[in-house]
Amino acid sequence: MAAQDKFSPVDVLSEVEEKFEMLQILNEKGEVVNEDLVPDLSDDELVELMTRMVWTRVLDERSTALNRQGRLGFFAPTAGQEASQIASHYALSEGDYVLPGYRDVPQLIWHGLPLTKAFLFSRGHYKGNQFPEGVNALSPQIIIGAQYVQTAGVALGLKKRGKENVAITYTGDGGTSQGDFYEGINFAGAYDVPAIFVIQNNNYAISTPRELQSKAKTLAQKAVAAGIPGIQVDGMDPLAVYVATKDARDRAVKGEGPTLIEALTYRYGPHTMAGDDPTRYRTSDEDSDWEKKDPLVRFRTYLEGKDLWTKEQEEEVIEKAKEEIKAAIKEADATEKQTVTGLMELMYDEMPSNLQEQYEYYKGKESK
């Protein structure tokens, strides 16, 4: 009994979990609650961050509408996650690599991917995966968690080449249940690579609630098993997300290895536009509670208090976004249609015999 009194795995677990407190700088009312951690961003930089977040919300609204009109293909709504997505990306440099999940198209756009390309990707057009030179990113990963393994590899490449850059990736809470998640952070930790792993914990893996996915009190604590730093942040607070990401990046480029960031956030729309109905597994009260935490409302209040943002500024950003989206979808519409045979020709220099018959069949159909 004496030995058991001195050692309790339960106590050790509780002690670890208690260390993962949520980092917050702006509360739901847009008030600073952690003055010492307010980032050293200029007024222009704060305005630019808000501009990008508002622009991204408009993109979500217009993309949802375009999807319903049949003018887009696969689309995963992003409204509610602007702070976790855009504020984390805002802490990066142009030379850093972004390895997104399928909900992370906004980060790609702000990293240099033309909006028309993003729309073509949604439609499954091969040109949507032809990134311009200098856009250091991979296409959105559809396989849940696979981007974590890829990021460990890209980051190792950056380290071996002596680059002062990082590779950043994103997944949802459901992605942390995948084997690739553990393999990625473990490999990254073992080799001290410059990687940033972001978990956008929006409470649901499609319809499975967070509490049924893992018994862990936080997802950030999963970093402990890989021997890397982990932190939980208020994912509706742009300043907190920015600070956590910038700190992770600063340490990574100094050779101090990877970081796991859990951002507590929420998606206001469905998991994807492919038939998911969130009203079947979320309550209106839950939606209402999270709407009060809206990252745009919170940051808007903060900037208005500093006389940096006005209703007129926001309306100008919204109208500009609508015009840019309208022009991009028009350009996507004008792009030549992708054909089955065209895709096969891109895939194969010499057509395998088992596909040659199919190729001839579709060639005949397309010529009519």
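The values are calculated or read from the model by the stated rules, or taken from the named source; none is laboratory data. Remember, predicted model here, so these are calculated numbers, not experimental data. Counting neighbours? That spans all protein chains shown, and the Cβs are built from the backbone with ideal geometry, glycine included.
Taking the conditions (1) buried (at least 19 other Cβ atoms within 10 Å of the Cβ); (2) assigned to a loop (DSSP other than H, G, I, E, B); (3) among the acidic types (Asp, Glu) in turn, residue 28 satisfies each one other than (1). Checking each residue of region 19-32 against the condition of being over 25 Å from residue 80 (Cα atoms) and modelled with pLDDT under 95 gives at least one match. Of the residues that sit in region 299-353 and are among the aromatic types (Phe, Trp, Tyr) and part of a loop (DSSP other than H, G, I, E, B), which one is nearest to residue 124 (Cα to Cα)? The extreme case among them is 348. For residue 17, the criteria (1) touching a Lys or Arg at 6+ places or on another chain (Cβ under 6 Å); (2) touching a residue at least 60 places away in the same chain (Cβ under 8 Å); (3) crowded, with 16+ Cβ neighbours inside 10 Å hold in every case but one, which is (3).
Only one residue in 51, 64 is touching a helix residue (DSSP H, G or I) at 6+ places or on another chain (Cβ under 6 Å), in the same structural domain as residue 121 (by TED's automatic domain parsing) and of a type in the set (S, T, N, Q), so which one is that? Only one candidate passes the filter, namely 51. Kindly establish whether residue 83 is surrounded by fewer than 16 Cβ atoms within 10 Å (Cβ to Cβ), at pLDDT 95 or above, part of a helix (DSSP H, G or I) and assigned by TED's automatic domain parsing to the domain that holds residue 155. It is false that residue 83 is surrounded by fewer than 16 Cβ atoms within 10 Å (Cβ to Cβ), at pLDDT 95 or above, part of a helix (DSSP H, G or I) and assigned by TED's automatic domain parsing to the domain that holds residue 155.
State whether the residues of region 180-187 include one that is crowded, with 24+ Cβ neighbours inside 10 Å, closer than 19 Å to residue 92 by Cα and not hydrophobic (A, V, I, L, M, F, W, C). Looking for residues that are crowded, with 24+ Cβ neighbours inside 10 Å, closer than 19 Å to residue 92 by Cα and not hydrophobic (A, V, I, L, M, F, W, C), one finds none in region 180-187, hence no. Among the numbered conditions (1) over 20 Å from residue 54 (Cα atoms); (2) at pLDDT 95 or above, tell me where residue 308 comes up short. Unmet for residue 308, out of (1) over 20 Å from residue 54 (Cα atoms); (2) at pLDDT 95 or above: (1). The set of residues in region 247-271 that are outside any loop (DSSP other than H, G, I, E, B) and either in contact with a strand residue (DSSP E or B) (Cβ under 9 Å, 6 or more places away or on another chain) or not assigned by TED's automatic domain parsing to the domain that holds residue 196 (or both) comprises 247, 248, 249, 251, 252, 259, 260, 261, 262, 263, 264. When 116, 64, 78 are screened for being modelled with pLDDT of 95 or more, part of a helix (DSSP H, G or I) and in contact with a Pro (Cβ under 7 Å, 6 or more places away or on another chain), only 64 passes. Being more than 21 Å from the chain's Cα centre (by Cα) and within 28 Å of residue 299 (Cβ to Cβ) is the filter here, so list the residues in region 218-250 that pass it. Once the filter is applied, which keeps residues that are more than 21 Å from the chain's Cα centre (by Cα) and within 28 Å of residue 299 (Cβ to Cβ), region 218-250 yields nothing. For region 292-310, the condition holds for at least one residue, the condition being that it is free of Cβ contacts under 8 Å to residues at least 12 places away in the same chain, touching a helix residue (DSSP H, G or I) at 6+ places or on another chain (Cβ under 9 Å) and of a type outside the set (Asp, Glu). Applying the selection to region 32-84, what residues are among the acidic types (Asp, Glu) and touching a residue at least 60 places away in the same chain (Cβ under 8 Å)? Result: 43, 60, 82.
Looking across region 213-256, the residues that are of a type in the set (Val, Ile, Thr) and surrounded by fewer than 18 Cβ atoms within 10 Å (Cβ to Cβ) come down to 224, 253.
Residues in region 82-96 that are within 10 Å of residue 241 (Cβ to Cβ) and either out of contact with any helix residue (DSSP H, G or I) (no Cβ under 8 Å at 6 or more places or on another chain) or of a type in the set (Phe, Trp, Tyr) (or both): 1 in all.
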